[in-house]
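These notes concern the structure reproduced below.
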């Protein structure tokens, strides 16, 4: 009776049912913010069991959010009648049967997960070995003179490393000894389509051109959100850009070789003194300093002590042009690659500085040593910076049995290793166990 009287004395806002949905969204956003702050304290706890429990809770939360995302997408497809749903293409049918075998699903489980009928899955299984262009289940057919296993090798590499584009795959395979053109890779991955003419931008004249390694360096700062974004449901609609909501990353890139010279992880927007301390560490570690240093117009780089430090060391500071495309393209392109190929592919961005630093260091090591750069063909920044013989110029595998040995191959040109008609298999490793950092090699099969 006492509880009932207390409940009656609690006043409710007028027309409160109209605000319930907004309150739910605000509550979820507040819970996400509280979770991020709490997790940041647990990540740096002295007790290893507390850190392990925080990691376990974070992964459980990520799995539950992914399940909810899939449920929402499936709910939309379930509203469409089964007869009017889009059909799976023959290649996707084989992928579904492979997934069923890997998960050990029954017909009913497979049909329920992929929104088809059990009879459909049974029909695919029975007609799995049908041949011909009209087969119900198919693998990708090669469209050129290369053997079929070459096409399958390229397709599997794309599946295992979906971030690799056609030109990147061609250069990675060239470094491994198999020379394919970018158009050939594109035909192996999808039906040939007439490319649309790309609009060319007029190149802006450069103020300085890099003539050797350590001649021109770029320096810039960027943020990496730890919770996926900065948006919240209440004013001012943005979280503060500092830890534990994001990390600040400072980067130095050599213009001539596109090599990453150093990185630094910071909890908040650095001052000019912190940026100078970072540059001192990079110069001391490499025993080198640039002739020109290109930056933007950030407050860290326009500070007086930053200009004094550059002049005392004989470094000429240059600024990117405001509002002009491409003035800071080199370092901005690396930052975009780092986010697309590393931080955005992590299940969760670590809140511990040491753990996040390891992820950045692994990516930088892979970027410098294994990632072929578009400007240099299939060569890597380390090969340009240190003057090493490029792996793409070593003797190549020739999988076409009747290919004349003296005939040229796809650029970069290389001589044939052994006899033509080689059969090779793909050997895919991952740097530091990270699935987004592939290291590709090929070996001859007897």
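Could you list, in sequence order, the residues of segment 257-283 that are part of a loop (DSSP other than H, G, I, E, B) and surrounded by fewer than 18 Cβ atoms within 10 Å (Cβ to Cβ)? Spell out the reasoning first.
Initial filter on segment 257-283 (part of a loop (DSSP other than H, G, I, E, B)): 257-259, 267-271.
Selection gives 267, 268, 269, 271.
Quick check: anything in segment 374-384 in a loop (DSSP other than H, G, I, E, B), under 18 Å from residue 158 (Cα atoms) and either outside the structural domain of residue 168 (by TED's automatic domain parsing) or touching a strand residue (DSSP E or B) at 6+ places or on another chain (Cβ under 6 Å) (or both)?
yes
Which members of segment 387-403 meet the condition of being farther than 22 Å from residue 416 by Cβ and either touching a residue at least 40 places away in the same chain (Cβ under 8 Å) or touching a helix residue (DSSP H, G or I) at 6+ places or on another chain (Cβ under 8 Å) (or both)?
388
Among the candidates 39, 93, which residue alone is in a helix (DSSP H, G or I), modelled with pLDDT of 85 or more, surrounded by 14 or more Cβ atoms within 10 Å (Cβ to Cβ) and outside the structural domain of residue 247 (by TED's automatic domain parsing)?
Values: 39 fails: modelled with pLDDT of 85 or more.
Among 39, 93, only 93 is in a helix (DSSP H, G or I), modelled with pLDDT of 85 or more, surrounded by 14 or more Cβ atoms within 10 Å (Cβ to Cβ) and outside the structural domain of residue 247 (by TED's automatic domain parsing).
In segment 404-433, which residue that is part of a loop (DSSP other than H, G, I, E, B) and touching a helix residue (DSSP H, G or I) at 6+ places or on another chain (Cβ under 6 Å) is farthest from residue 184 (Cα to Cα)? I'd like the intermediate steps shown before the answer.
In the first step, residues of segment 404-433 are kept if they are part of a loop (DSSP other than H, G, I, E, B); the result is 404-415, 417-422.
If we keep only those that are touching a helix residue (DSSP H, G or I) at 6+ places or on another chain (Cβ under 6 Å) as well, we get 412, 414.
Values: 412: 15, 414: 18 Å.
This residue is 414.
Only one of these conditions is not met by residue 439: (1) within 14 Å of residue 172 (Cβ to Cβ); (2) modelled with pLDDT of 85 or more; (3) loosely packed, with under 14 Cβ neighbours inside 10 Å. Which number is it?
Only one criterion is unmet by residue 439, namely (3).
Here's the yes/no breakdown for (1) more than 30 Å from residue 367 (Cβ to Cβ); (2) in a helix (DSSP H, G or I); (3) touching a residue at least 40 places away in the same chain (Cβ under 8 Å):
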| position | (1), (2), (3) |
| --- | --- |
| 101 | yes, yes, no |
| 105 | yes, no, no |
| 116 | yes, no, no |
| 134 | yes, no, no |
| 153 | no, yes, yes |
| 156 | no, yes, yes |
| 164 | no, no, yes |
| 167 | no, yes, yes |
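Given the residues 44, 56, which is the only one that is at pLDDT 85 or above and either under 18 Å from residue 225 (Cβ atoms) or surrounded by 10 or more Cβ atoms within 10 Å (Cβ to Cβ) (or both)? Before you say what the answer is, go through the steps one by one.
Numbers: 44 fails: at pLDDT 85 or above.
On inspection, the qualifying residue turns out to be 56.
The values are calculated or read from the model by the stated rules, or taken from the named source; none is laboratory data. This is a predicted model, so every value here is computed, not measured. Glycine gets a Cβ as well: all are built from the backbone with ideal geometry, and neighbour counts include every protein chain shown.
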